[in-house]
Amino acid sequence: MRLPGAVYADRITKGKQIKFRGLNHRVGAGDGEIWDMLNLTGDHYPVLAVREKRRKYKTLAEPGGLSGWDGLCWVDGTDFLYKGEVKGQVTAGRKRFGCMGPNIVILPDKCYYNVETDTFGSMEASWTGDKLTFTNGLLYDEVASANAIYAEGVNWSDWFREGDAVTITGCTKHPENNKTPIIREIKEDILYFYEDAFTLENGEEYMETGELSLKRTVPDLKFICQNENRLWGCDDTTIYASKWNDILNWNVYDGLDSDSWALTPGTPGHFTGCISYKGYAIFFKEDWICKVYGSVPSEFAALGTASLGLAEGSDRSLAVAGEVMFYLSRNGIMAYTGGIPQSIGEAFGTERFRSAVAGSDGLKYYVSMEDESGDCWLYVYDTRTGMWHKEDRTRATHFAYYDGAVYCLNDKGEIWILG
């Protein structure tokens, strides 16, 4: 015969806890919730468990960044490495990465690596010289007027491609020829543009001399993302979209569906980050979220809402897990599905965080955040259970997902495999 537990004189009774519900750093933490923890996980919920052991993948001497695409890539000092092999040189310092098609883009260097052709180069191109001849030429094997630039001994294909928009500067005889036309054809030392692109002298060729240049330029982007065969980005005030399927051209305005695009919204504040989510390019300010609608430049429209946006300095906290986008706002971690963002940071109580960096394995949201005392902690939110767990003091600078695992680069230059 089983008897109930005896009640002590001070009314304390014995109980058994069989279900654990993750972190709850509030005074009113409920039964089964843990006020503070270290290195715990909800992988075996409702059983309390210790997280899986991590594996160190590599240690970088001068860590600059980490990204995952068709392969793991990182920056160590001035070396850009893809799958462990040096592919090019960049400046030292922390990097941001973006990917479109076979191309990995590295900012702020404005460099790219093409994994299919195994080529590394600059997104920008620049030619300078002291002589340029503006003349009549051809356009698709037909005679055309005022559409050609000639430079003796120059192989233009070493600098530019057909379809590039190039900015011409330095013209003094006819300053109106300082413009940004689009190259239609390249024939060795002659560039052909659209007809009547330039001003000639009485319809005849003439030569400009002095400090002349032709440049293909890229905006000084702070944040980038890939969406619908375009690379999108922003500086403090303006949203940009590259030419369709072309990461190198941001100034092509040809009246076509493949054109580049730019917009400066009239809202106060500056942009704090961007991400591609559910087929839209989404841009954030601290108090504003902007979604770009449309599939071609003539239809693009940036519609924004006044909401808790992305906190300054936490652009790397943007990540998608369980089909939900998460990020750090000034008021804590938010969950966004396309409408009004909702807070999921109640488990942290009155704690406030900054400088968040996050990653995802598709179901879990890993975020490294600095608390008010300056300590950094790695937290994990499991979208399957809706619970938070606290792991350790990892101060992450970059996360990457590759080949079924989450990789974390910390401030010591160590790359760890988290799961």
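Observations on the model:
- Scanning region 295-326 for residues that are of a type in the set (D, E, K, R) and in contact with an Asp or Glu (Cβ under 8 Å, 6 or more places away or on another chain) yields a count of 1.
- For TYR112: the one exception among (1) part of a loop (DSSP other than H, G, I, E, B); (2) within 18 Å of the chain's Cα centre (by Cα): (1)
- Considering residues of region 145-162 that are at pLDDT 95 or above and surrounded by fewer than 17 Cβ atoms within 10 Å (Cβ to Cβ) only, the residue farthest from the chain's Cα centre (by Cα): SER145
- Criterion: open to solvent by less than 40 Å² (accessible area, probe 1.4 Å), among the acidic types (Asp, Glu), out of contact with any strand residue (DSSP E or B) (no Cβ under 7 Å at 6 or more places or on another chain) and at pLDDT 95 or above - qualifying residue of ASP246, ASP259: ASP246
- Residue identified as within 21 Å of CYS408 (Cβ to Cβ), open to solvent by less than 30 Å² (accessible area, probe 1.4 Å) and not acidic (Asp, Glu) among VAL292, VAL320, VAL357: VAL357
- Filter pass, ILE275 being open to solvent by less than 40 Å² (accessible area, probe 1.4 Å), touching a residue at least 40 places away in the same chain (Cβ under 8 Å) and under 14 Å from the mean Cα position of the chain (by Cα): yes
- Residue check for VAL86: assigned to a strand (DSSP E or B), at pLDDT 95 or above, open to solvent by 60 Å² or more (accessible area, probe 1.4 Å) and hydrophobic (A, V, I, L, M, F, W, C): yes
- Selection count where residues are open to solvent by 20 Å² or more (accessible area, probe 1.4 Å), more than 13 Å from MET369 (Cα to Cα) and in contact with a Phe, Trp or Tyr (Cβ under 8 Å, 6 or more places away or on another chain), scope region 385-398: 1
- For the criterion of being open to solvent by 50 Å² or more (accessible area, probe 1.4 Å), in contact (Cβ under 8 Å) with a residue 12 or more places away in the chain, touching a strand residue (DSSP E or B) at 6+ places or on another chain (Cβ under 9 Å) and not small (Gly, Ala, Ser), THR238 fails.
- Conditions (1) closer than 20 Å to GLY210 by Cα; (2) open to solvent by 40 Å² or more (accessible area, probe 1.4 Å); number of the one not met by GLU142: (1)
- Matching option when the condition is over 22 Å from ARG354 (Cβ atoms), over 18 Å from the mean Cα position of the chain (by Cα) and among the hydrophobic types (A, V, I, L, M, F, W, C), among ALA281, ALA301: ALA301
- Scope region 264-284; condition hydrophobic (A, V, I, L, M, F, W, C) and either out of contact with any strand residue (DSSP E or B) (no Cβ under 9 Å at 6 or more places or on another chain) or part of a loop (DSSP other than H, G, I, E, B) (or both); matching residues: PHE271
- The residue of region 204-225 that is farthest from the chain's Cα centre (by Cα), among those that are farther than 14 Å from PHE283 by Cβ and open to solvent by 40 Å² or more (accessible area, probe 1.4 Å), is GLU204.
Conditions (1) surrounded by 22 or more Cβ atoms within 10 Å (Cβ to Cβ); (2) in contact with a strand residue (DSSP E or B) (Cβ under 7 Å, 6 or more places away or on another chain); (3) within 30 Å of ASP254 (Cα to Cα), marked per residue:
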residue	(1), (2), (3)
GLU286	no, no, no
VAL296	no, no, yes
PHE300	no, yes, yes
VAL324	no, yes, no
TYR327	yes, yes, no
ASN331	no, yes, no
GLN342	no, yes, no
ARG352	no, no, no
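- Selection within region 337-386 - assigned to a strand (DSSP E or B) and without any contact (Cβ under 8 Å) to a residue 12 or more places away in the chain: GLN342
The values are calculated or read from the model by the stated rules, or taken from the named source; none is laboratory data. All of these numbers come straight from a predicted model, not from anything done at the bench. Cβ: placed from backbone, ideal geometry, glycine included. Neighbour counts: every protein chain shown. Side chains are part of the model used for accessible areas, which takes the heavy atoms of the whole protein and leaves out ligands, DNA and RNA. Shrake-Rupley method; radii C 1.70, N 1.55, O 1.52, S 1.80 Å.
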